[in-house]
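Note sheet for the following structure.
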Amino acid sequence: MKRIYIIPIFIFAVLFSSCGKDENIVFDTPFISVEPINSSSAGPISTDQEFVGEYMLYMNAQAQSQSVIVKYEIIAGDGLVEGLDYQILTEGETQSFLPGIYDLAIRIKWLRTCVRDEDNNIISDTLNDTKNTTLTIRLLSNSAGFALGYPGPDQKYKEIVIEKKKAK
């Protein structure tokens with residue numbers, strides 16, 4: 001009879017001891033990352049598409065009393081031409097996180113370069129896919145000395161690479 005009570009009590013103890021609703025996970029290394037806001041912005045971008053992609057700068061840190069200035073660069077591969085394949089809508093190569101602001105957008109308009117006829121056949125596509133058709137957004141520095149990319153040896157999201165491909 002004692003065995004019947006011991007098994008449910010053991011199961012109950014195991015199940016509920018692992019619940020920790022009051023546990024706080026602390027990331028004590030402040031960092032800034034750059035990430036696509038959604039999967040369509042992440043790429044690959046088809047030459048049939050025309051839309052504004054948003055790439056977010058995120059600051060993961062305690063509240064700041066002063067602005068944090070982030071410097072970044074946008075590097076286009078030799079197969080992309082600004083004004084023909086894409087247009088950078090966000091001016092400059094710096095963004096400022098004002099106190100209380102933790103995310104900022106870099107906006108890039110991806111331009112359609114594929115022309116189709118009335119039967120949906122491709123007539124022309126100016127993208128030269130034998131060259132590098134990637135666009136890289138890379139974080140360079142920040143005024144607060146925060147880590148760039150996620151903490152750790154991989155520095156994930158210190159940069160993102162978006163590829164443009166020919167339509168099929």
**Request:** Would you kindly derive the ³J(HN,Hα) couplings of region 35-44 from the backbone phi angles with the Karplus curve 6.51 cos²θ - 1.76 cosθ + 1.60 (θ = phi - 60°), listing them in order in whole Hz, with x for Gly and Pro?
**Result:** 9, x, 6, 8, 5, 5, 6, 5, x, x
**Prompt:** For region 25-124, treating each Cα as an identical point scatterer without solvent, what Debye log10 I(q)/I(0) comes out at q = 0.22 1/Å?
**Reply:** -1.18
**Request:** Write out the GluC sites (Glu not before Pro) in region 64-113 meeting two conditions: DSSP loop, and at most 11 other Cβ atoms within 10 Å of their Cβ.
**Result:** Glu91
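Bear in mind these aren't lab numbers, they're just calculated from the coordinates by the rules spelled out. These numbers come from a predicted model, not from an experiment. Here the Cβ is made from the backbone with ideal geometry for all residues, glycine too, and neighbour counts use every protein chain on show.
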